[in-house]
Amino acid sequence: MVQKYVLKGAPAPPLDLKVGYKNALNESQFAVVTQADGACLVLAGAGSGKTRTLIYRVAYLLEKGVRPEEILLVTFTNKAAQEMRGRVESLLQTKAKGLWCGTFHHIGHRILRRWAREAGLKEHFGILDEEDSRDLIKTCIKALPKGPSDARLPKPGVVQSILSFSVNAGKTIAEVVAKNYPYFAGFIGEFEKIKQGYEERKKRTGHLDYDDLLFQWMGLLKSSESVRRTLTEQFRYCLVDEYQDTNRLQHELMGILSCRHRNILVVGDDAQSIYSFRAAEVRNILDFPEKYEHSKIFKLETNYRSTKAILELANESIRHNIHQFPKTLHNVRPGGARPQLARVRDMRQQADFIAQRISEMNEAGVGLSEIAVLFRAHYQAAELELELARRGIPYLVRGGIRFFEQAHVKDALAYLRIAANPLDELAWTRALTLQPGIGATYAEKIFESAGKEKGGFEKVFSHDFGAYFSPKIREGLGVFKRTMKALLKEEVNGHPDLMLEAVLENGYNKQVLVSFDNAQERLEDLRQLVNFAHTYKNLRDFLADVTLREGFRGESLLETRLLEKDVEELVLSTIHQAKGLEWHAVFVISISEGQFPHAKSMEDEDQLEEERRLFYVAATRAKEELILVHPMTRYDYSVGTVINRPSLFVEELSKRVLEEVEVEESEEEETIYLD
């Protein structure tokens, strides 16, 4: 066996580039940069300059003579890693060649490439992207013994999410299913078999998926003493950004890599830990002082983003959390106007109010791109999207798809489109391909066959026009016909809310569960779609409105974007997608009991605290104006009109941090804003 001997090069002399740390940093930041040796936890409040602090810390270490290859800087996005490296090099006016800077997965990939043989991997192993991984899982599902026809396994994407969460959270498949997918409890055995087949196929073909980059990295550190010794000796300083977002596997990896020199600096904010659904564990940051004895704790509490009035609200809200590191954000910007709580009649008036206020802000000189509307769940913005379209206000849904363009919404609407226009071939194709055993080719044949039936499409659902298809296709066709018959009943047909109820009750609810990994959220979207449809007197007007919304997004706007690079758009976003961003003005909508916080979180202390952290994140996105909107009533098709109490997060605030605003209609039935 040939041994390897690696040339490390001569130690680099200390850089003589006197960076003006004192002038560039505030007192708290300077303390981190110059004193963060050993195990250190930096609690960086919102808008407190944590990225700047990390960059100057790396520069300081390099100036002190630490070699770039002895520093490991871990981020959560490739963009953040590139930005940090670039700013370090700009600050020092030299290349930081050898610096280990990247995401957890990037670092894992680099290490596994270097020690593939020791990890038991093929030297030229391939990487499966998410689509490749899903396709391989699909193959494993097909290889399972066939069970009863009614025992339908979820789609590959859902299985992929279950297996991935299991790896990252360090939990068994049974534990993941019990907590996150209880409706799949009967399939745990099948999931275990799929996992076994999936692992065997990856090994046989010499592939890793994204999760393997961490899992195999951990396995390498545990199985190879020489590799572990090499890495733990090399990395004198380990720095981790956004530590509140780490999962169990990432947390354990950093514990091993820093075990020799004990120089681990983690930066994060427990008050912004909002990604438990991705397997992030807030306990990683909360328990840091217990894991690392004699650790130092630094606090960055100077906020450079928001006005004093906004920070007072945020500080007061987050104090209600029990499990946290107490801290208080201090403002640099002047006091500013108090955040407002606007009380509106219902979701429709909420949309009118927000659209009008945005128009007023824009006329006053605030760019649309400097305004954001944030929400807990996407369905809460459905009425607003339509109102913005009506008024011609361009908007962008950040990190996602517009409400009426989402797959599950378009699926449900396809049935209604067929009822409104039996010649709508696209709607037929979409609805038919939802059924098991029916692909696009057979959907086309079924549509052609239906068109030949006597009496036309309107009579087709009473005929057995699929008699000559295979049993599996006839089964799927039967579900489709049963749903359409339910929609066309005299007491249902023409009423969009009742028709949507019929779609859900005749099988689409189950379809959602097996098709989407976030099925519960999508079902909530659909329930709210029913409530939204209730406000329409007929199917024609309902479909016309959602079509108006689709047209607004069309080619004309896209062409305008290509021709005018500076086209401004209002930002609509879930709060999860908005983390790390900021705007001049922020609206947080549907601040009502059962809407935000989510109703289920009221039964679990940990979930409720995460919801409050989510509210804190939303509030601290605003620089100058924060407007919370509370619809006082909402329609629920199961019980009728419901009186909405204000959100717990509003109720627990003192009156001094909020200004209440009443919204009412003018005589011309236009929404007005009253101070």
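Quick notes on this structure:
- The range 520-550 - residue that is touching a Phe, Trp or Tyr at 6+ places or on another chain (Cβ under 6 Å) and closer than 20 Å to E491 by Cβ and, of those, most open to solvent (accessible area, probe 1.4 Å): H534
- Residue within the range 325-337 that is open to solvent by 10 Å² or more (accessible area, probe 1.4 Å), in contact with a Gly (Cβ under 9 Å, 6 or more places away or on another chain), within 30 Å of L253 (Cα to Cα) and touching a residue at least 12 places away in the same chain (Cβ under 8 Å) present: yes
- Where a residue in the range 122-139 is free of Cβ contacts under 8 Å to residues at least 60 places away in the same chain and its partner, wherever it lies, is of a type in the set (G, A, S) and part of a loop (DSSP other than H, G, I, E, B), with Cβ under 8 Å and at least six apart: E123/A116
- For the range 142-156, a residue qualifies if it is buried (at least 18 other Cβ atoms within 10 Å of the Cβ) and part of a helix (DSSP H, G or I), and exactly one does: P156.
- Single residue of the range 162-179 satisfying the filter (surrounded by fewer than 19 Cβ atoms within 10 Å (Cβ to Cβ) and assigned to a helix (DSSP H, G or I)) that is modelled with the lowest pLDDT: K179
- Positions within the range 595-608 being open to solvent by 10 Å² or more (accessible area, probe 1.4 Å) and in a helix (DSSP H, G or I), in sequence order: A599, K600, M602, E603, E605, D606, Q607, L608
- Checked against (1) within 24 Å of the chain's Cα centre (by Cα); (2) within 27 Å of G102 (Cβ to Cβ); (3) among the hydroxyl-bearing types (S, T, Y), S317 meets all criteria but (2).
- Out of G98, G49, sole residue that is open to solvent by less than 70 Å² (accessible area, probe 1.4 Å), at pLDDT 85 or above and in contact with an Asp or Glu (Cβ under 6 Å, 6 or more places away or on another chain): G98
- As a summary of the residue check, E505 satisfies the conditions (1) loosely packed, with under 15 Cβ neighbours inside 10 Å; (2) at pLDDT 85 or above; (3) over 22 Å from A382 (Cβ atoms); (4) within 30 Å of the chain's Cα centre (by Cα) except for the one numbered (3).
- Pick from the range 254-276, criterion assigned to a loop (DSSP other than H, G, I, E, B) and among the hydroxyl-bearing types (S, T, Y), ranking: nearest to S48 (Cα to Cα): S273
- In the range 115-130, residue modelled with the highest pLDDT [restricted to those that are more than 28 Å from the chain's Cα centre (by Cα) and loosely packed, with under 12 Cβ neighbours inside 10 Å]: R117
- Restricting the range 318-340 to residues that are outside any loop (DSSP other than H, G, I, E, B) and in contact with a helix residue (DSSP H, G or I) (Cβ under 6 Å, 6 or more places away or on another chain), the residue that is farthest from T633 (Cα to Cα) is N331.
- The range 360-392, subset farther than 30 Å from Q520 by Cα and hydrophobic (A, V, I, L, M, F, W, C), residue most open to solvent (accessible area, probe 1.4 Å): A364
- Verdict on G451 being modelled with pLDDT under 70, surrounded by fewer than 19 Cβ atoms within 10 Å (Cβ to Cβ) and either touching a Pro at 6+ places or on another chain (Cβ under 9 Å) or not acidic (D, E) (or both): yes
- Hey, L62 modelled with pLDDT of 95 or more and buried (at least 17 other Cβ atoms within 10 Å of the Cβ) or not: no
- Subset tally (residues that are modelled with pLDDT of 90 or more, of a type in the set (F, W, Y) and under 26 Å from I274 (Cα atoms)) for the range 330-381: 1
- Unique residue being of a type in the set (S, T, Y) and under 24 Å from the mean Cα position of the chain (by Cα) when the list is S223, S273: S273
- Flag if P182 is touching a Leu at 6+ places or on another chain (Cβ under 9 Å), at pLDDT 90 or above and open to solvent by 20 Å² or more (accessible area, probe 1.4 Å): no
- Residue pairs whose Cβ atoms lie under 8 Å apart, separated by 6 or more positions or on different chains, with the first residue in the range 424-443 and assigned to a loop (DSSP other than H, G, I, E, B) and the second of a type in the set (K, R), are D424/R417; P436/R152; P436/K472; G437/K472.
- Test for E89: is it surrounded by fewer than 21 Cβ atoms within 10 Å (Cβ to Cβ), under 30 Å from L329 (Cα atoms) and free of Cβ contacts under 8 Å to residues at least 60 places away in the same chain: no
The values are calculated or read from the model by the stated rules, or taken from the named source; none is laboratory data. As the structure is a prediction and not an experimental result, all values here were calculated from the model. Glycine gets a Cβ as well: all are built from the backbone with ideal geometry, and neighbour counts include every protein chain shown. Ligands, DNA and RNA are excluded from the accessible area calculation, which covers all protein heavy atoms including side chains. Shrake-Rupley method; radii C 1.70, N 1.55, O 1.52, S 1.80 Å.
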